[in-house]
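Here it is, the structure in full.
The values are calculated or read from the model by the stated rules, or taken from the named source; none is laboratory data. Computed from a predicted structure; not experimentally measured. So basically every Cβ, Gly included, is an ideal-geometry build from the backbone, and we count neighbours across all protein chains shown. For accessibility, only protein heavy atoms count, side chains too; no ligands or nucleic acids. Shrake-Rupley method; radii C 1.70, N 1.55, O 1.52, S 1.80 Å.
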Amino acid sequence: MATRIRPSNKRCAVIGGSGFLGRHLVERLVDRGYAVAVFDIRQTYELPGVNFYQGDLCDKHALLTALKDVSIVFHCASPAPASDDRALFQRVNIDGTRTVIQACHEAGVQKLVLTSSASVVFEGSDIKNAKEDLPYAKRPIDYYTETKIQQEKLVLEACSKEMDFFTIAIRPHGIFGPRDPQLVPILVDAARRGKMKFIIGDGSNLVDFTYVENVVHGHILAAERLKADSPLCAQAYHITNDEPVRFWDFMSQILVGLGYSAPRYHLPYMLVYGIALLLWLIAFIMRPLVQIKPTFTPMRVALAGTHHYYSCARAKQDMGYQPVVPLKEAIARTVESYPHLRKGA
Ligand SMILES: NC(=O)c1ccc[n+]([C@@H]2O[C@H](COP(=O)([O-])OP(=O)(O)OC[C@H]3O[C@@H](n4cnc5c(N)ncnc54)[C@H](O)[C@@H]3O)[C@@H](O)[C@H]2O)c1
Ligand SMILES: CC(C)=CCC[C@@H](C)[C@H]1CC[C@H]2C3=C(CC[C@]12C)[C@@]1(C)CC[C@H](O)[C@@H](C(=O)O)[C@@H]1CC3
């Protein structure tokens, strides 16, 4: 019988490696001596020790080229949540993830680490210190969440000792840090248009915001500890900063750090949520004629007005996870990294 030659365990691929999280992950993997292949629909940078493969993850043949001799695959590609495009989410997050799993099998990959999201259990109501055993959202709040649930199930079900193929899902929440295209830019854009004067609800809701380097640390620990018979196989893990913070205090610290005023006036949560739903409906009906992108979507309003923080005790216990950058330091580094978004810049 022919012996299957095992790829070096220092060779990995990052699908979605041109994105915000993906690029931070790639940089840290290179620092740790990994040879990295980036697979993405776009190339946004160059880095010694990294090979870029441009392609769509729904294309198995393109993927196979990038996965040659790779033992670990990190899958952190997804359409942006704001795209709100059902067909695109279905194609990339569900059909595409099936293709990724198939390509991993054909290429002899041993470990697949999926970037899932803590939002897979979020339905718009309070979540306080939830563990990973909370059931998936029965009524996911948007297409992004709906397809992230299906994607996580697919990856965890693919874990197989017989096939020598091990899988794990990392569930970060509210990732922020330098080069994030979402949180800080959307916040600043809203502030510049005078929309950040209001606090939705009473402002006491606690939330996890997780610094990108802590999320990267969780991914690398997961990949290095995942093996046959380890408790990590086929499990999902929350990775957070382990410092829940009031949503509006966090937003205010970022805004004030960049020279804008903190929100001050309170608006009732249900009123804003109702308006956001109405605007979403109008945008949906008008879509064939005109593209309207409301700032305050129902998902964003729900995130801004409810508690949603998660326990990372399981990651601490099973993989020795501890956040490496505390929240205060993380906010300072983030504010510093956006000189072009400062007021008046
Ligand atoms: N940003 C957050 O707060 C957050 C929180 C929890 C989970 N996540 C998850 O983390 C992952 C990374 O998110 P991010 O914030 O870095 O997003 P991002 O948009 O910066 O990166 C996603 C990358 O995926 C690539 N991509 C999209 N469709 C592709 C396709 N069909 N084929 C190949 N590449 C494709 C994009 O080009 C992009 O580079 C996603 O899976 C997201 O669901 C993000
Ligand atoms: C309402 C308001 C003040 C909006 C400005 C900030 C929002 C743009 C921002 C606040 C919380 C963020 C968030 C996400 C996107 C950007 C925010 C809504 C996610 C929905 C992005 C996708 C991730 O998977 C979610 C997660 O589970 O971590 C994010 C949750 C927080």
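What is the distance, in nm, between label points placed 7 Å from the Cα along the Cα-to-Cβ direction at Leu88 and at Val324?
Roughly 3.2 nm, to one decimal.
Let me ask something additional. Roughly how much of Leu267 is accessible, in Å² to the nearest 10, using a 1.4 Å probe?
The accessible area comes out at roughly 60 Å².
Using 0.36 nm per residue, how much length does the chain from Ala80 to Asp202 gain when fully extended, once their Cα-Cα distance is taken away?
Values: separation 122, 0.36 × 122 = 43.92 nm, distance 2.92 nm.
In short, 41.0 nm is gained.
Any chance you could count the Lys pairs in segment 39-141 whose alpha carbons are under 26 Å apart, treating pairs 8 or more apart or on different chains as valid?
Details: Lys60/Lys68; Lys60/Lys111; Lys68/Lys111; Lys111/Lys131; Lys128/Lys138.
Pairs that pass both the separation and distance tests number 5.
Per DSSP H run of n ≥ 4, the term is -39500 (n - 2.57); total these for the chain, divide by its residue number, and report the mean residue ellipticity at 222 nm rounded to 500 deg cm²/dmol. Mind dumping the intermediate values first?
On the way: 12 runs with 128 residues, N = 345.
Roughly -11000 deg cm²/dmol at 222 nm, from the helical runs in the chain.
Related question: With helices defined as uninterrupted DSSP H runs, which ones in the chain have an alpha carbon span along their own long axis of at least 24 Å and mean Kyte-Doolittle hydropathy of at least -1.0?
Details: long enough: 269-286 (26 Å, 2.39).
Within the chain the helices that satisfy the rule are 269-286.
Quick one: pull the percent of accessible area on the chain belonging to carbon and sulfur, 1.4 Å probe, ligands and nucleic acids left out. Walk me through the numbers on the way to the answer.
Working: 8790 of 15990 Å².
In the chain, the share of accessible area belonging to carbon and sulfur is 55 percent.
Of Ala80, Ala103, Ala118, which is the most mobile in a GNM of the chain whose springs link Cα atoms less than 10 angstrom apart?
Ala80
Once the dipole of segment 106-221 is set up with Lys and Arg at +1 and Asp and Glu at -1 on Cβ about the Cα centre, which of Met196, Tyr136, Gln151 lies farthest towards its positive end?
Final value for the positive-end residue is Met196.
Further question on the same structure: Under a crude label model (7 Å from the Cα following the beta-carbon direction), how far is Leu289 from Asp126 in nanometres?
4.2
Over segment 22-178, what relative contact order in percent results from Cα pairs under 8 Å that are six or more residues apart? Show your work: numbers first, answer last.
Values: 231 pairs, mean separation 32.7, N = 157.
After rounding, I find 21 percent.
Testing the spin-label approximation: label points 7 Å from Cα along Cα→Cβ at Lys161 and Glu224. State their distance in nm.
Here the answer is 2.6 nm between the modelled labels.
Turning to a different aspect of this structure: Order the following by accessible area, largest value first: Tyr34, Tyr273, Tyr265. Probe radius 1.4 Å; ligands, DNA and RNA are ignored. Spell out each step's value before the answer.
On the way: Tyr34 20, Tyr273 50, Tyr265 110 Å².
Reading off the accessible areas and sorting them downward yields Tyr265, Tyr273, Tyr34.
Further question: From Cα pairs below 8 angstrom and at least 6 apart in sequence, can you work out the relative contact order of the chain, rounded to a whole percent? Please report the intermediate quantities before stating the final value.
Working: 661 pairs, mean separation 58.6, N = 345.
Over the chain, the number comes to 17 percent.
In addition: For the full complex of protein chains and a 1.4 angstrom probe, list Leu278, Leu255 by accessible area with the highest value first. Spell out each step's value before the answer.
On the way: Leu278 105, Leu255 0 Å².
Highest to lowest solvent-accessible surface, that is Leu278, Leu255.
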